[in-house]
There are 2 protein chains.
Amino acid sequence: MILKFLSIINFKNHENTSLKFDENINCIVGPNGVGKTNLLDSIHYLSFSKSYFNSIESFNIKEKENYFMIKGEFFNQEKQELDINCSYTNKKKVLKFNNKKYDKLSNHIGKIPLIIITPIDSNLINGSGEIRRKFIDKFLSQIDSSYLESLLFYNKTLNQRNALLKNSHNTNDYIDLLNTYDDSLAEFGTQIFNKRRDYISSIIKTVKKYYNIISNDREDIDVEYYSELQNNSFKNLLKENLQKDLVLQFTSSGIHRDDFIFKMKETNIKKTGSQGQQKSFLISLKLANFDLLYTKTNEKPILLLDDVFDKLDDNRVEQIMTILNSDNFGQIFITDTSFNRINSVMSTAKISCKYFLYNFNGTYHEKT
Amino acid sequence: MILKFLSIINFKNHENTSLKFDENINCIVGPNGVGKTNLLDSIHYLSFSKSYFNSIESFNIKEKENYFMIKGEFFNQEKQELDINCSYTNKKKVLKFNNKKYDKLSNHIGKIPLIIITPIDSNLINGSGEIRRKFIDKFLSQIDSSYLESLLFYNKTLNQRNALLKNSHNTNDYIDLLNTYDDSLAEFGTQIFNKRRDYISSIIKTVKKYYNIISNDREDIDVEYYSELQNNSFKNLLKENLQKDLVLQFTSSGIHRDDFIFKMKETNIKKTGSQGQQKSFLISLKLANFDLLYTKTNEKPILLLDDVFDKLDDNRVEQIMTILNSDNFGQIFITDTSFNRINSVMSTAKISCKYFLYNFNGTYHEKT
């Protein structure tokens, strides 16, 4: 997938930005605060109809304005043009694909395959299991719309079951309803469990491959999937935990409690990994997702790299550039604060790219 | 305060490290994973008898070992030698000051003034109010041992009051005990409130000064203290909220709910600031703490800078080096992955320093 042209109005600190991109590598370079990350985020927005950074939409509107608009002209590998237009006014979001409005925003997910790597991904290592679940759910929804549907059904049913547990003082009256919910949870939950399990086992080799390249075979990493469904059927779990659930007034078991443990040397990488090793792990994980997304969609995803060289030593940076310079990758967007650094990285790797060089005042000039 | 000599055994990935430092600037340079951050953390440990990164002590012991030991030889501006020795074996921590064991670890706080700046400080902006409160509590404890005492008393009383609210079904029986707790909370809580308020008003000018230098006067920042005690006495607050507390079964008001809002352009910098601007803010805040700590202790604190140049543009890096090169600062430790980068930063700023250049295998050589 290639983004040819991007236009942004009133999105974060961009008042009115229009850019024509190179089909290969685009480097957005400039001092702090000119809006490099926000530019990547606007591209992410066109793919997911969501900011990667702010879930509160009003935060995405430029100060003192009351709407924002992002427009992108993409073309896929069959050279078909895809126009995406997204606007947010009066608390209402409108998303158009080739000028046709979507009924449901979720129908858009997967149309523009995209992978983003940014410094806040360190949350995936340091944050709660919920953050890891959401990350994997978001990715699997991109390659499998039935996954997204199962997830939406599961969460809806879970909320209903929890409401029932909370409000019913004599559960015998509601036993039929509870059984119906349990059937639904078990059906959708088991589908989700299977897909998460298959996903982990299908990416693990690729994550390790990339990590070995980046680290010069220096460390051993792994990903493990923790789920109560590994050793029990969902139906059984719900049955066994019913008395506990009635006391707690919520559903204490299920795939909404799953976790994914990222490991180095058989321990959580949160404990054993340095900042650079953790970052290398996250890049490997994201690049493995890239490969899987490419295989599933048969379309090279757009790759957004925000401050990707931070914390990494020169050797790891070089190895990453070797990976990115292969035929496997298509259009890439990279942000950096230092032209000298990125220019030297590109020269060393013998990669040609288009630079957008920003000044302090937000103006820029292009350079190839 | 100067750290002359450091010896580490089995701390994180350091098996046996002994280093002799320069009195001015020491640069720890090397590839990812050799233990640069862990080295700074061992110095932090000697000052606070705690890791900056892991509160679970067993995580600080090297893999497959059962203890760690850190030893530092410091001297203060009166040229007195201070030996700090900290060991952790069998879940027991022993801290010695000039070979004398402390009865209470808290008595050590403030003896070795130290400020650390690291990438995980971004939690202060993106995390909860609790993280900001803990940061400010930790800093104020360093300059004022009576602050630490008030805080320990306050938290103890708060826990007792909450236990009472949770377990007593008829509070009339316990009204006397509750009154005693309320008197204590009000006394210590008001002391803490006053000191937090004075602290914010005393640093705000310095934070702004440093931010203006770093950003070349490009952005306006501010810090605001939010506390219910701004408009009400603590006694009144507890009285007004008693019925609510009885229902909730915990103390819903007080200085344990305070927050500190970091602002740019009159909005939370979390919303309006780029990663580089947020980092500049955090550096300014920490350097303001440095100044205050220096004033209060009459001793130049040790300054630990972990990956301080990440995310910052060349101009900001230059401005920071100009600040650090002034007489105000003493011994500084800096980590970086790139010798070329840090060497060029130091040369531009005309600063001489001692380099510890690490290899992949954990060996290093010195260079001045």
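The values are calculated or read from the model by the stated rules, or taken from the named source; none is laboratory data. Since the model is a prediction, treat every value here as computed from it, not as a measurement. Cβ sites come from the backbone with ideal geometry, for glycine too, and all protein chains shown count toward neighbours.
Annotations for the structure displayed:
- Residue that is nearest to the other protein chains (Cβ to nearest Cβ), among those in the stretch A:30-51 that are assigned to a helix (DSSP H, G or I) and charged (D, E, K, R): A:Lys36
- Residues satisfying the stated conditions in the stretch B:75-116, i.e. touching a residue at least 12 places away in the same chain (Cβ under 8 Å) and on the phi > 0 side of the Ramachandran plot: B:Asn90, B:Lys91, B:Asn98, B:Asn99, B:Gly110
- Within the stretch B:201-253, considering residues that are touching a strand residue (DSSP E or B) at 6+ places or on another chain (Cβ under 8 Å), within 14 Å of chain A (Cβ to nearest Cβ) and not in a loop (DSSP other than H, G, I, E, B), the one nearest to B:Ser168 (Cα to Cα): B:Ile221
- Checking A:Gln243, A:Gln249 one by one, the residue that is touching a residue at least 24 places away in the same chain (Cβ under 8 Å), farther than 22 Å from A:Asn126 by Cβ and either charged (D, E, K, R) or assigned by the TED database to the domain that holds A:Tyr199 (or both) is A:Gln249 and no other.
- Pair list, Cβ < 6 Å and 6+ apart or interchain, from the stretch A:167-194 residues that are in the same structural domain as A:Leu148 (by the TED database) and more than 18 Å from A:Ser145 (Cα to Cα) to residues that are modelled with pLDDT under 95 and among the basic types (Lys, Arg): A:Tyr181/A:Arg161; A:Ala186/A:Lys235
- Every residue from the stretch B:309-368 that is surrounded by fewer than 16 Cβ atoms within 10 Å (Cβ to Cβ), assigned to a strand (DSSP E or B) and among the charged types (D, E, K, R): B:Glu366, B:Lys367
- Matching residues, the stretch A:330-350, being closer than 30 Å to A:Leu293 by Cβ and in contact with a strand residue (DSSP E or B) (Cβ under 6 Å, 6 or more places away or on another chain): A:Gln331, A:Ile332, A:Phe333, A:Ile334, A:Thr335, A:Asp336, A:Ile342
- Scan of the stretch B:1-29 for residues that are assigned to a loop (DSSP other than H, G, I, E, B), surrounded by fewer than 23 Cβ atoms within 10 Å (Cβ to Cβ) and not aromatic (Phe, Trp, Tyr), ordered by number: B:Met1, B:Asn13, B:Asp22, B:Glu23, B:Asn24
- Close Cβ contacts (under 9 Å, 6 or more residues apart or on different chains) running from residues in the stretch A:351-368 that are within 14 Å of chain B (Cβ to nearest Cβ) to residues that are at pLDDT 90 or above and surrounded by fewer than 10 Cβ atoms within 10 Å (Cβ to Cβ) comprise A:Leu357/A:His365; A:Tyr358/A:His365; A:Asn359/A:His365.
- Candidate set from the stretch B:52-72 (those that are in a strand (DSSP E or B) and aliphatic (A, V, I, L, M)); member that is nearest to the chain's Cα centre (by Cα): B:Ile70
- Exactly one residue out of A:Ser51, A:Ser47 is free of Cβ contacts under 8 Å to residues at least 12 places away in the same chain and closer than 20 Å to A:Ile120 by Cβ, and it is A:Ser51.
- Scanning the stretch A:258-306 for residues that are in contact with a Gly (Cβ under 9 Å, 6 or more places away or on another chain) and acidic (Asp, Glu) yields A:Asp258, A:Asp259, A:Glu299.
- So B:Tyr147, is it among the aromatic types (Phe, Trp, Tyr), within 16 Å of the chain's Cα centre (by Cα) and within 30 Å of B:Lys270 (Cβ to Cβ): yes
- Taking the criterion of being closer than 20 Å to A:Lys271 by Cα and in contact with a strand residue (DSSP E or B) (Cβ under 8 Å, 6 or more places away or on another chain), the residues of the stretch B:13-22 that qualify are B:His14, B:Glu15, B:Asn16.
- Going through (1) more than 18 Å from B:Val29 (Cα to Cα); (2) modelled with pLDDT of 95 or more one by one, B:Leu304 falls short only on (1).
- Under the condition of being among the acidic types (Asp, Glu) and under 23 Å from the mean Cα position of the chain (by Cα), the residues counted in the stretch B:315-337 number 2.
- Matching residues in the stretch A:257-304 - criterion: being within 13 Å of chain B (Cβ to nearest Cβ), part of a helix (DSSP H, G or I) and charged (D, E, K, R): A:Lys270, A:Lys271, A:Lys279
- Only residues that are buried (at least 20 other Cβ atoms within 10 Å of the Cβ), of a type in the set (Phe, Trp, Tyr) and within 29 Å of A:Glu78 (Cβ to Cβ) were counted across the stretch A:281-308, and they come to 1.
- Pick from the stretch A:312-346, criterion more than 14 Å from every other protein chain (Cβ to nearest Cβ) and free of Cβ contacts under 8 Å to residues at least 12 places away in the same chain, ranking: nearest to B:Lys311 (Cα to Cα): A:Ser326
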